[in-house]
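*Asks:* One structure, pasted below without further comment.
The values are calculated or read from the model by the stated rules, or taken from the named source; none is laboratory data. Since the model is a prediction, treat every value here as computed from it, not as a measurement. Here the Cβ positions follow ideal geometry from the backbone for every residue, glycine too, while neighbour counts run over all protein chains shown.
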Amino acid sequence: MKVHVLSLGDPAPLFANQDLSNHVDAHVREALAAVQGMDADALLNTPTEDIIADLVSRHTITAPKLRADHAYIDGPHEVEIRGPDYGREVRLQGTLLALIIPFEVEAGMFYVNPGRWGGSIRGNLHYNNLILTIRGEKLQPAAVDNQFKMRIQEIEDYLKAQQSMADAHRNSLPNRLRPEIEARKKKLLEARQMVAGLSFPIRARQDTPKTYVAPVTRRKIITTPPATTAPFNPEPVLDQANYEAILDIIDSMALVMEPSPTAFTTMGEESLRQHFLVQLTGHFEGAATGETFNLAGKTDILIRVKDRNIFIAECKFWGGEKAFLETIDQLFGYLSWRDTKAAVIMFNRNRNFSGVLQTIQEAVPKHPHLKRTLPKRSETSFRYLLGMPSDHSRELQLTVNGLRHPDFIIGAPWPTF
C-alpha cells in the first residue's frame, strides 16, 4: 500500500507510552484467568501441557522485526520549515526525506518501553511500515544517511530489549500456569467426589525370580485418569512409576543378553520375547500373557486387568526406518481408544548401532501423530509424545532404549502411552 508521507502528520514519540513490564503482567493475569474460565470438562479432558502450549501461544509477546534490507527512501518532498529567528518565527522552504522500513508483527509494540527510558526517537506508523523523516533547508546525503542509520540502530536496541523480556515471559509462563491448571483439575475432581488414582489388583510377587533381574520392591499399581471426551469420566490407567518398573525389567533382561550373545544369537522374535515375558510374569502376578489377541491383531506381550489392557508390547527385529514407522502404525492398530501405554521391543543385530539410533531419532519426528519430543531417558533412550489417531487429547509416550554388543544388539523397549 502506497505511503502518503506528507499526510501522516508530525512524527510521534516511539517506545514512550507503556511500560513493557506492565504489559507482561497483564498477559500473565489474562492467561491465569483463562485457566479459571475454561470449561470444566474441557479442562479435565485436555492434557495439561496442551493447555499450556495453547495459552502460551495466545499470551506470548513478540517484538516487531524491522526489515531494513527492504527499506527505501521516499522523496524529496518540498515542505515548509518553521523556526525561531531572534524571537520571530521564520518560515523557509525546505526538503523532507522519509525512510520507509517494513516490519513484521504487532505495530503497537513500537509504543511500549522495555525499561530503556530516555530515548527521543520519533516516527510514524502506516500499516506494516515504520516511517522515519528528516527535514532541512540544505540536506547533505552523507549526514542524512548517517542519521537514518543511527536511528535504526537505536530502534533495534529497543526491539532487542523488548524481545529479551518477551522471551523471559514466554519461558516463565508455563511454570506459572502448570500449578494453576493442576490445582483446578484436582479441585474439580474432588468436587465431583472422584479420586484421581484408582488401584489395580496387581502386586509384586514375593517369590520373584532373581536369575536375570534384581528384585523389585513390592508395589501396588496405582492408576491416574487420562483425558477423554466430554463429559469427563476418569479411567484407570497404569501409573508412571509402575510403567517405569516394567521398563526397568525389560532393560535388565536386555543387559543379561550383552555378556552372553551366543545364547541368544540364533533366537527368533518369539523365543526372545519369551525371556522378557517370563520376567514380567514373575514380577507382576497373573499380569503378562503371550500372543494375546487385542483389537486389530495379536500382540506379543499384554498386561491385562479384568477387561482392561494396561500395557501392550510388540517385539520386532530392526528392519530400517520404513519398517520401524510401520511398527508404530501397527501398534496403533492394536491400541483401543482406552489404552494409554504400550511398547515396541526392537531386537537389532546391526553392528552400526549408533546409525540405528540416529535413524530412530530422525524417523519419529516424521510420524504424523507426533506431538512433541520429551527429555531422554538415557543416552540411548529417547522419548516422544504422540496423540492417538482418533483423538490427540489421548496421548501415548514413545520411548526408545537400545543396548549394543558386537555380536548381538538389543534395541528395547518402545513404550508408548
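*Asks:* On the given criteria, is residue 53 small (Gly, Ala, Ser) and touching a Phe, Trp or Tyr at 6+ places or on another chain (Cβ under 8 Å)?
*Replies:* no
*Asks:* Same structure again: Which residues, taken from the range 155-173, are of a type outside the set (A, V, I, L, M) and buried (at least 16 other Cβ atoms within 10 Å of the Cβ)?
*Replies:* Matches in the range 155-173: 158, 162, 163, 169, 170.
*Asks:* Out of all the residues in the range 137-149, is one or more within 35 Å of the chain's Cα centre (by Cα) and surrounded by 17 or more Cβ atoms within 10 Å (Cβ to Cβ)?
*Replies:* Within the range 137-149, none of the residues are within 35 Å of the chain's Cα centre (by Cα) and surrounded by 17 or more Cβ atoms within 10 Å (Cβ to Cβ).
For (1) under 30 Å from residue 190 (Cβ atoms); (2) among the basic types (Lys, Arg); (3) assigned to a helix (DSSP H, G or I), each residue gets a yes or a no:
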| site | (1), (2), (3) |
| --- | --- |
| 10 | no, no, no |
| 21 | no, no, yes |
| 33 | yes, no, yes |
| 61 | no, no, no |
| 69 | no, no, yes |
| 74 | no, no, no |
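*Asks:* Would you mind stating whether residue 63 is at pLDDT below 90 and crowded, with 17+ Cβ neighbours inside 10 Å?
*Replies:* No; evaluated as a whole, the condition is false for this residue.
Okay, residues lined up against (1) assigned to a loop (DSSP other than H, G, I, E, B); (2) at pLDDT 75 or above:
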site: 241; (1), (2): no, yes
site: 249; (1), (2): no, yes
site: 254; (1), (2): no, no
site: 277; (1), (2): no, yes
site: 286; (1), (2): yes, no
site: 289; (1), (2): no, no
site: 293; (1), (2): no, no
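*Asks:* Going by the conditions given, is residue 42 at pLDDT below 90 and either touching a strand residue (DSSP E or B) at 6+ places or on another chain (Cβ under 7 Å) or farther than 30 Å from residue 186 by Cβ (or both)?
*Replies:* no
*Asks:* Identify all residues within the range 102-130 that are more than 14 Å from residue 159 (Cα to Cα), over 34 Å from the mean Cα position of the chain (by Cα) and at pLDDT 85 or above; write none if there are none.
*Replies:* Residues satisfying the conditions are 122, 123, 124, 125, 126.
*Asks:* Could you list, in sequence order, all residues of the range 122-150 that are touching a Gly at 6+ places or on another chain (Cβ under 8 Å) and under 16 Å from residue 68 (Cβ atoms)?
*Replies:* 130, 131, 132
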